[in-house]
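Here's the structure, in structure tokens; my notes come after.
The values are calculated or read from the model by the stated rules, or taken from the named source; none is laboratory data. This structure is a prediction, so every number in the text was calculated from the model and none was measured. We place every Cβ from the backbone using ideal geometry, glycine too, and count neighbours over all the protein chains shown. Calculation scope for accessible area: heavy atoms of the full protein, side chains included, ligands and nucleic acids excluded. Shrake-Rupley method; radii C 1.70, N 1.55, O 1.52, S 1.80 Å.
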Amino acid sequence: SDLKASNVFFWTQAGYFDSDSTTKLLLHTWSLAVEEQFYIVFPLLLSFLLRAFPTRLKPIIWALMAASFASAVASVALAPSAAFYLPHNRAWELMIGSVLALGMVPKIRSAWLREAGAAAGLAMIGAAVLLYREQMPCPGAAALLPCLGAALVIAAGETGPTLMGRLLSWRPVVFVGLISYSLYLWHWPVMVGA
């Protein structure tokens with residue numbers, strides 16, 4: 001399949017966690033396709049909305065994000081593969097970062113609130129890593145905890161330093177961040193090949 005539409009291709013195939021998935025060498029490219037589709041469509045949509053509805057941009061973006069989230073939650077129950085692979089069901093996850101970048105949430109000015117927000121964000125991500133199980137309906141509402149956690153960590157570091165920011169700036173952590181994309185690209189083919 002063309003990598004730009006691999007999510008659609010894999011959606012038409014067996015489910016992500018089916019036993020057949022262990023033999024699909026490029027299965028992990030579904031997420032790259034979703035991101036690429038979002039990063040092509042969303043800026044065009046923003047450009048249109050800025051021209052057509054300049055005073056209503058924020059409520060429209062929030063409404064679109066809520067609609068995507070509602071679609072994801074409904075799809076997890078009704079069509080799990082569609083919830084997992086199709087971009088309209090995953091757009092809300094990427095839009096969380098967009099609303100931060102567009103300044104659509106209040107800035108965290110207080111130092112102690114930044115520290116609390118960063119710690120809460122890390123706890124949310126950690127809870128998802130430690131407590132989520134394969135049987136959980138995902139992505140849907142289950143994706144909310146780690147996505148909001150990541151947003152909190154980012155938002156907390158936007159207006160000043162935090163302990164979390166210093167930890168994330170630690171050389172070994174930065175190194176992992178620098179190679180993470182390459183690791184993502186190669187992890188699945190290596191696992192399938194093994």
Task: Given (1) assigned to a helix (DSSP H, G or I); (2) of a type outside the set (Val, Ile, Thr); (3) touching a helix residue (DSSP H, G or I) at 6+ places or on another chain (Cβ under 6 Å); (4) closer than 28 Å to ALA70 by Cβ, index of the condition MET136 fails - done: (1)
TODO: Being in contact (Cβ under 8 Å) with a residue 24 or more places away in the chain and not β-branched (Val, Ile, Thr) narrows it down to one of GLY103, GLY177, GLY126, GLY157, so name that one.
DONE: GLY157
TODO: Please go through the stretch 108-121 and pick out each residue that is open to solvent by 50 Å² or more (accessible area, probe 1.4 Å) and either modelled with pLDDT under 95 or among the charged types (D, E, K, R) (or both).
DONE: ARG109, GLU115
- [ ] Among the residues of the stretch 169-184, write down those that are over 30 Å from LEU78 (Cα atoms) and under 19 Å from the mean Cα position of the chain (by Cα).
- [x] VAL176, GLY177, LEU178, ILE179, SER180, TYR181, SER182, LEU183
- [ ] Hey, can you tell me all the residues within the stretch 128-164 that are more than 20 Å from MET104 (Cα to Cα), open to solvent by 30 Å² or more (accessible area, probe 1.4 Å) and more than 14 Å from the chain's Cα centre (by Cα)?
- [x] VAL129, LEU130, LEU131, TYR132, ARG133, GLU134, GLN135, MET136, PRO137, PRO161, LEU163
TODO: Return yes when SER169 is among the polar types (S, T, N, Q), surrounded by 11 or more Cβ atoms within 10 Å (Cβ to Cβ) and free of Cβ contacts under 8 Å to residues at least 40 places away in the same chain and no when it is not.
DONE: yes
Task: Selection within the stretch 65-91 - under 13 Å from LEU144 (Cβ atoms), touching a residue at least 60 places away in the same chain (Cβ under 8 Å) and open to solvent by less than 40 Å² (accessible area, probe 1.4 Å) - done: ALA72, VAL76
